[in-house]
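The values are calculated or read from the model by the stated rules, or taken from the named source; none is laboratory data. All of these numbers come straight from a predicted model, not from anything done at the bench. Cβ placement follows ideal geometry from the backbone for every residue including glycine, while neighbour counts extend to all protein chains displayed.
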Amino acid sequence: MGSLPSPARLSLATARSLLARAVDKTEALRQTGTFIVVDSSGSPVSAARMDGCAPGALAIVRAKAFGAAANGEPSASFAARMAKFSPAVFASYQAVLRDQPFPGGGAMLVEKEGTALGAMATGLGIGPFVKLAGVEPSELIVDGKPANLEDLIISYALGIDYSPQHGDDMARWVDAYGGPPDPGIKGTGLSPAPRASAQARLGRAQAIADHIVGEAANKGARVAMAIVDAAGDVVTLDRMDGAPPMGVDVAAAVAVASVNFGVASGEIAAQKHYSAALDRLLATVPYPMLALPGGYPLGPQDEPAGGVGIHCHDLDLAQELARGAAQWASTNFEGER
């Protein structure tokens, strides 16, 4: 009996490339946002929060991307269908799907040769806007037609023709400017953007993640990782090809634990003053934390600047990699916050 063909997969390298294009275009338009790429199951492959973007964005963009991937359609199509039904229908979707879908535009499918490999999304700060402070109107025009910020950035990132997902851009434009765009302006909406250069925090997080990928590969491990800021909010998520789908969630939870407890996450349970009530403590706080090996604070122990979280099947290796990544970051980004 022959083996089943392997499904087409969305690689980490591809996901990171899409995120880089989104960040480049967003910075060129003097905006800031959060972006995520998920695979065909809706599990995160990579995510990035630009400097200055509100931390709450990730939950929304993840929910958009999951809904698009899980349903095999842009999130705007899912939103249009849900709008025709009672709230109970959407509540049923929320109840039966593995993750939380969000019925709003902003997520588009990542496709290759007609096959959906996953989805990409943004939102919260990056919306269907056609007028932006400090941005020339021509930068939001494609082939003489108006475009909105959100759909423009995702279309640019995916390298596709402009694909509007938020209704009538012309009506939006007329409402914003009092009339249609000058017919003589072709626009530069999809023109190449320069490499982003003002993302210090994001750049550090991605450099740490790249270091982890290299170290893990040298040890033959496939890991997922999360870099969080001093408040425990995610800056980046990355899942190496072949790492388990749950990896980024476990990595984020141990990273948050390391920030809040100020020690390696694998050492938390051994501290005698926490042992009796640790489970209750972890259940009390309003964000997920895990006292498993894999998390390590970034920066000084008395005032962590963030945390790194790693998950793989070998938890001892995950802790070793996290400690090594924190030491590498301390050496390479000493004095930076």
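The requirement of being in a helix (DSSP H, G or I), aliphatic (A, V, I, L, M), touching a Gly at 6+ places or on another chain (Cβ under 6 Å) and closer than 24 Å to Ala8 by Cα is not satisfied by Ala79. Going by the conditions given, is Ala107 under 28 Å from Val250 (Cα atoms) and buried (at least 24 other Cβ atoms within 10 Å of the Cβ)? So Ala107 fits the description; yes. Does Ala329 satisfy the criteria of being in contact with a Phe, Trp or Tyr (Cβ under 6 Å, 6 or more places away or on another chain), in contact (Cβ under 8 Å) with a residue 60 or more places away in the chain and surrounded by 19 or more Cβ atoms within 10 Å (Cβ to Cβ)? It is false that Ala329 is in contact with a Phe, Trp or Tyr (Cβ under 6 Å, 6 or more places away or on another chain), in contact (Cβ under 8 Å) with a residue 60 or more places away in the chain and surrounded by 19 or more Cβ atoms within 10 Å (Cβ to Cβ).
Of all residues in the stretch 25-52, those that are surrounded by fewer than 20 Cβ atoms within 10 Å (Cβ to Cβ) and under 19 Å from Ala209 (Cα atoms) total 1. Considering the stretch 144-165, the residues that are more than 20 Å from the chain's Cα centre (by Cα) and among the small types (Gly, Ala, Ser) include one that is farthest from Gly189 (Cα to Cα), namely Ser163. I'm checking my understanding of the structure. Among residues of the stretch 109-129 that are part of a strand (DSSP E or B) and among the hydrophobic types (A, V, I, L, M, F, W, C), which one is modelled with the lowest pLDDT? Among those that are part of a strand (DSSP E or B) and among the hydrophobic types (A, V, I, L, M, F, W, C), it is Ala116.
Here Glu336 clears all of (1) at pLDDT 90 or above; (2) closer than 15 Å to Ile208 by Cα except the condition numbered (1).
Here Ser155, Ser163 are screened, and the one residue that is touching a strand residue (DSSP E or B) at 6+ places or on another chain (Cβ under 9 Å), assigned to a loop (DSSP other than H, G, I, E, B) and surrounded by 14 or more Cβ atoms within 10 Å (Cβ to Cβ) is Ser163. Take the residues in the stretch 186-228 that are without any contact (Cβ under 8 Å) to a residue 24 or more places away in the chain and in a loop (DSSP other than H, G, I, E, B); name whichever of them is nearest to the chain's Cα centre (by Cα). It comes out as Pro192. All of (1) part of a loop (DSSP other than H, G, I, E, B); (2) out of contact with any Phe, Trp or Tyr (no Cβ under 6 Å at 6 or more places or on another chain); (3) not aromatic (Phe, Trp, Tyr) hold for Val89 with one exception: (1).
With respect to Arg16, is the statement that it is surrounded by 14 or more Cβ atoms within 10 Å (Cβ to Cβ), out of contact with any strand residue (DSSP E or B) (no Cβ under 9 Å at 6 or more places or on another chain) and at pLDDT 95 or above true? Criteria not met by Arg16. Summed over the stretch 102-150, the residues that are of a type in the set (Asp, Glu) and within 18 Å of Ser43 (Cα to Cα) give a count of 1. When the stretch 178-202 is limited to residues that are exposed (fewer than 14 other Cβ atoms within 10 Å of the Cβ) and hydroxyl-bearing (Ser, Thr, Tyr), the one that is nearest to Pro55 (Cα to Cα) turns out to be Ser197. Looking only at residues in the stretch 265-302 that are surrounded by fewer than 21 Cβ atoms within 10 Å (Cβ to Cβ), under 26 Å from the mean Cα position of the chain (by Cα) and not β-branched (Val, Ile, Thr), the one that is modelled with the highest pLDDT is Leu292.
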